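Chemist: Below is one structure. I have some questions about it.
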Amino acid sequence: MTKETESESLLADMTMIEATIVETPTPPRPVVAPTPPVEIVPTWLELRGFWRIFTMSEWIMRDRLSFFEEVRTHRDLGAKLRSMILSSLCYLALFGVVLGMSHSWMQALMSAVKLPMLFLVTLLICLPTLYFFNLLYGSQLTFQQTTTLMMAAVTITGALSLAFASISLFFWLTIGEQYTILILLNVIILGISSWWGLSFLRQGMRHVQRQALDVRQWRILTTWLVIYAFVGTQMAWALRPFFGVPSEPFVVLRSDGGTFIGSMLTALSWLLQKLFGYG
Amino acid sequence: MSVLKHVLSASGIVERILRARTAYFAEIGQNLDLPDKILHLLILIALGFGVFGGVAGLSGRTLGPSLLGIVKLPALFLISGLICLPTLYYFSVLFGSRLHFLQMITLILTSQAVTAVLALGVTPISLLFLLSGTDANFLVLLNISALGLCATLGLIFLVQGALYANESKPPERMTFGGWFNLFVRGGIRTLVLLSWLLLYGLIGAQLSYAMRPFFGVPLEGSDFFSSVGSAVLRLFGAR
């Protein structure tokens, strides 16, 4: 490039900048209105620093539409995924500590490792099924979008179960001896949290695809949810104990047959017997 | 004296909550002076439940439970509120509430402060029964039902406040129909609030059993409900 053209282009730049400066007069100062209620997380992308990770769940819950919109437009999916994985790991680990605390500290630590593992491994197992079957029936979702939506479901599950942690702790402190009640309570807590997490996934799917799901896709999603629940409970059964039987020593894994449903039914019938005093 | 000033403005806040609740809820919705409000509500809770707890603790005609009751009854309410707070907050947010943490705390404390003030109002009646020599079992039931009634009335404030403060442009005057509209419009948020009330009641009952004795009267039963049930049965001479 010759010197002349360089200076010319510089000149052109200068005039453009000047033009833009002239063209944008300072806007009139708006009349100070009473401050509207402050939102905690205006946009997650504006936040910086370590705590950004933990405002994710709050942002997803408060402003789900803009979250879905950003997922739809592929905006910063990597960063979202990272912070969701980190925050859900923390939430679930903390709830795991609460679960295992009724037995011993060893059990609490073990559960803190196992509970995040349970959710993330279940997600990994079920992710390809959902993705490929959706693809088969004409979905436009990319793999990363599907993963983001599913991680959002897991993050919400973690945050909600952590919200129940104080209640679970309280029941452990006041009726600590009755192991079965604790198990039922915590299974119910995890069930409720997962239910709302997954309903979030369903909303996300609908929004990101920009259309109501047709009957076939709807069926696939429902079937998939059933499979997910099945795999999840089976995984939970394989990774047990999460609570630890109070009278028995600490073990990493227990392997004495049985199924999740069977043990839940036993616990329920025990509770019914206790409540109504029959049998 | 700044302490005295705070106590005086605490009694001012009662007037405001009871007389002009919509204005008060609107202030919560706009985040006005929340830390001050919380401090005043805490003073009210300590005062109201302290006095009621002290009088209720005299049911067994011993001084020990009464002195402890001054501390234990406020603690009972505050702790059960604290235990249930995260659930209420997260589930409200999940179902589209705009309220945030400090506002939620203020609303829960408001309902407890209303309960405390009403309990303070009931205390003379309880005292009258105590001084006129009613038997301990009746006194226990009287105090429990009075506190239950006050708590129910207080919780109405929580439900109304949570729905009202969440509105972006709430009407200034509310009629019964207006509240009903708000209640219906809340949809699933109202349902969440109501089921949370159940949970809160359950936790409160369980915690009160764990922190017993409150009355200095031995009750039979293995939890709150069976103790109250057996007290009722004894009242009617069935035991």
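The values are calculated or read from the model by the stated rules, or taken from the named source; none is laboratory data. On a predicted model such as this, the values are computed, not experimentally measured, just so you know. A quick note on method: Cβ atoms are made from the backbone with ideal geometry, for glycine too, and the neighbour counts reach across all protein chains shown.
Chemist: Which residue out of B:A116, B:A146 is out of contact with any Ser or Thr (no Cβ under 8 Å at 6 or more places or on another chain) and not hydroxyl-bearing (S, T, Y)? Explain how you work it out, then say what you get.
Modeler: Numbers: B:A146 fails: out of contact with any Ser or Thr (no Cβ under 8 Å at 6 or more places or on another chain).
Unique residue meeting the criteria: B:A116.
Chemist: When you check B:L39 against the structure, is it over 18 Å from B:G121 (Cβ atoms), in contact with a helix residue (DSSP H, G or I) (Cβ under 7 Å, 6 or more places away or on another chain) and surrounded by 18 or more Cβ atoms within 10 Å (Cβ to Cβ), yes or no?
Modeler: On the way: over 18 Å from B:G121 (Cβ atoms): yes; in contact with a helix residue (DSSP H, G or I) (Cβ under 7 Å, 6 or more places away or on another chain): yes; surrounded by 18 or more Cβ atoms within 10 Å (Cβ to Cβ): no.
Against the criterion (over 18 Å from B:G121 (Cβ atoms), in contact with a helix residue (DSSP H, G or I) (Cβ under 7 Å, 6 or more places away or on another chain) and surrounded by 18 or more Cβ atoms within 10 Å (Cβ to Cβ)), B:L39 does not qualify.
Chemist: Got a sec? Which of B:G81, B:G48, B:G57 is within 14 Å of another protein chain (Cβ to nearest Cβ) and not in a loop (DSSP other than H, G, I, E, B)?
Modeler: The match here is B:G81.
Chemist: Just to check your reading of the model, which residue among A:E39, A:E58 is crowded, with 18+ Cβ neighbours inside 10 Å, closer than 27 Å to B:L102 by Cβ and modelled with pLDDT under 90? Steps first, answer last, please.
Modeler: Values: A:E39 fails: crowded, with 18+ Cβ neighbours inside 10 Å.
Going through A:E39, A:E58 in turn, just one is crowded, with 18+ Cβ neighbours inside 10 Å, closer than 27 Å to B:L102 by Cβ and modelled with pLDDT under 90: A:E58.
Chemist: Could you list all residues from the range B:166-177 that are touching a Ser or Thr at 6+ places or on another chain (Cβ under 9 Å) and modelled with pLDDT of 85 or more? Reasoning before the result, please.
Modeler: Here is the first cut: in the range B:166-177, the ones touching a Ser or Thr at 6+ places or on another chain (Cβ under 9 Å) are B:166, B:170-174.
Across the range B:166-177, the qualifying residue is only B:N166.
Chemist: Can I ask one more? Checking the condition assigned to a helix (DSSP H, G or I) and buried (at least 23 other Cβ atoms within 10 Å of the Cβ), which residue from B:T123, B:T110 passes?
Modeler: On the way: B:T123 fails: buried (at least 23 other Cβ atoms within 10 Å of the Cβ).
From the options B:T123, B:T110, the qualifying one is B:T110.
Chemist: On to the next question. Quick check on the range A:95-118. Is at least one of its residues within 14 Å of chain B (Cβ to nearest Cβ) and not polar (S, T, N, Q)?
Modeler: From the range A:95-118, those within 14 Å of chain B (Cβ to nearest Cβ) are A:95, A:98; that's our starting set.
If we keep only those that are not polar (S, T, N, Q) as well, we get A:95, A:98.
For the range A:95-118, residues within 14 Å of chain B (Cβ to nearest Cβ) and not polar (S, T, N, Q): present.
Conditions tested, residue by residue: (1) away from chain A (no Cβ under 14 Å); (2) modelled with pLDDT of 95 or more.
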{"position": "B:G29", "(1), (2)": "no, no"}
{"position": "B:S92", "(1), (2)": "no, no"}
{"position": "B:R98", "(1), (2)": "no, no"}
{"position": "B:S111", "(1), (2)": "yes, yes"}
{"position": "B:L130", "(1), (2)": "yes, no"}
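Chemist: Ok, one more. (1) touching a Leu at 6+ places or on another chain (Cβ under 6 Å); (2) of a type in the set (S, T, N, Q); (3) surrounded by fewer than 18 Cβ atoms within 10 Å (Cβ to Cβ): which one isn't true of B:T62, the others all being true?
Modeler: (1)
Chemist: Condition first: within 17 Å of A:S102 (Cβ to Cβ) and hydrophobic (A, V, I, L, M, F, W, C). Now tell me which residues in the range A:253-269 satisfy that.
Modeler: A:A267
Chemist: Quick one: how many residues across the range A:231-269 are exposed (fewer than 14 other Cβ atoms within 10 Å of the Cβ) and outside any loop (DSSP other than H, G, I, E, B)?
Modeler: Total meeting the criteria: 7.
Chemist: Quick check on my filter: what residues within the range B:163-182 are surrounded by 12 or more Cβ atoms within 10 Å (Cβ to Cβ), within 14 Å of chain A (Cβ to nearest Cβ) and either without any contact (Cβ under 8 Å) to a residue 24 or more places away in the chain or within 23 Å of the chain's Cα centre (by Cα) (or both)? Outline the logic, then answer.
Modeler: Within the range B:163-182, the first condition is being surrounded by 12 or more Cβ atoms within 10 Å (Cβ to Cβ), and the residues that meet it are B:163-167, B:170-171, B:174, B:178-179, B:181-182.
Cutting the leftovers down to within 14 Å of chain A (Cβ to nearest Cβ) gives us B:164-167, B:170.
Matches in the range B:163-182: B:Y164, B:A165, B:N166.
Chemist: Would you point out which residue out of A:L141, A:L149 is under 22 Å from A:C90 (Cβ atoms) and either among the polar types (S, T, N, Q) or crowded, with 16+ Cβ neighbours inside 10 Å (or both)? Walk me through how you get there before you give the answer.
Modeler: Details: A:L141 fails: under 22 Å from A:C90 (Cβ atoms).
Answer to the check: A:L149.
Chemist: Out of B:A116, B:A205, B:A136, B:A151, report the one residue that is modelled with pLDDT of 95 or more and either under 25 Å from B:S230 (Cβ atoms) or basic (K, R) (or both). Don't jump to the end; show me each part of the working.
Modeler: Numbers: B:A116 fails: either under 25 Å from B:S230 (Cβ atoms) or basic (K, R) (or both); B:A205 fails: modelled with pLDDT of 95 or more; B:A136 fails: modelled with pLDDT of 95 or more.
Result: B:A151 is the single residue among B:A116, B:A205, B:A136, B:A151 that is modelled with pLDDT of 95 or more and either under 25 Å from B:S230 (Cβ atoms) or basic (K, R) (or both).
Chemist: Report whether or not A:I181 is in a helix (DSSP H, G or I), within 12 Å of another protein chain (Cβ to nearest Cβ) and more than 11 Å from the chain's Cα centre (by Cα). Show your work before the answer.
Modeler: Values: in a helix (DSSP H, G or I): yes; within 12 Å of another protein chain (Cβ to nearest Cβ): yes; more than 11 Å from the chain's Cα centre (by Cα): yes.
It is true that A:I181 is in a helix (DSSP H, G or I), within 12 Å of another protein chain (Cβ to nearest Cβ) and more than 11 Å from the chain's Cα centre (by Cα).
Chemist: Name the single residue that is farthest from the other protein chains (Cβ to nearest Cβ) among those in the range B:183-239 being aromatic (F, W, Y) and part of a loop (DSSP other than H, G, I, E, B).
Modeler: Residues of the range B:183-239 aromatic (F, W, Y): B:183, B:196, B:200, B:209, B:214-215, B:224-225, B:236.
Add one more test, that the residue is part of a loop (DSSP other than H, G, I, E, B), and what stays is B:214-215, B:236.
Numbers: B:F214: 15, B:F215: 19, B:F236: 22 Å.
So, considering only residues that are aromatic (F, W, Y) and part of a loop (DSSP other than H, G, I, E, B), the one farthest from the other protein chains (Cβ to nearest Cβ) is B:F236.
Chemist: Could you please find all residues in the range A:88-111 being in a helix (DSSP H, G or I) and buried (at least 22 other Cβ atoms within 10 Å of the Cβ)?
Modeler: First pass over the range A:88-111, keeping only residues in a helix (DSSP H, G or I): A:88-100, A:105-111.
Within the range A:88-111, A:S88, A:Y91, A:L92, A:F95, A:G96, A:V98, A:L99, A:G100, A:Q107, A:M110, A:S111 qualify.
Chemist: Then there is this: Given the structure, is A:S166 in contact with a Ser or Thr (Cβ under 6 Å, 6 or more places away or on another chain), small (G, A, S) and either closer than 19 Å to A:G100 by Cβ or buried (at least 18 other Cβ atoms within 10 Å of the Cβ) (or both)?
Modeler: Details: in contact with a Ser or Thr (Cβ under 6 Å, 6 or more places away or on another chain): no; small (G, A, S): yes; either closer than 19 Å to A:G100 by Cβ or buried (at least 18 other Cβ atoms within 10 Å of the Cβ) (or both): yes.
Spelling it out, it is not the case that A:S166 is in contact with a Ser or Thr (Cβ under 6 Å, 6 or more places away or on another chain), small (G, A, S) and either closer than 19 Å to A:G100 by Cβ or buried (at least 18 other Cβ atoms within 10 Å of the Cβ) (or both).
Chemist: On to the next question. Quick one: B:L219 ticks every box in (1) within 19 Å of B:G154 (Cα to Cα); (2) touching a residue at least 12 places away in the same chain (Cβ under 8 Å) except a single one, so which number is it?
Modeler: Unmet for B:L219, out of (1) within 19 Å of B:G154 (Cα to Cα); (2) touching a residue at least 12 places away in the same chain (Cβ under 8 Å): (1).
Chemist: Continuing with the same structure: Could you say which residue among B:P65, B:P35, B:P74 is at pLDDT below 90 and away from chain A (no Cβ under 14 Å)? Working first, answer last.
Modeler: Values: B:P35 fails: at pLDDT below 90; B:P74 fails: at pLDDT below 90.
After applying the criteria, what remains is B:P65.
Chemist: Let me ask something additional. Find the residue count for the range B:9-35, including only residues that are in a helix (DSSP H, G or I) and surrounded by 13 or more Cβ atoms within 10 Å (Cβ to Cβ). Can you show your working first?
Modeler: Going residue by residue through the range B:9-35, those that are in a helix (DSSP H, G or I) are B:9-19, B:21-29, B:34-35.
Keeping just the survivors that are surrounded by 13 or more Cβ atoms within 10 Å (Cβ to Cβ) gives B:9-11, B:13-14, B:16-18, B:21-22, B:24-29, B:34.
Of the residues in that region, 17 qualify.
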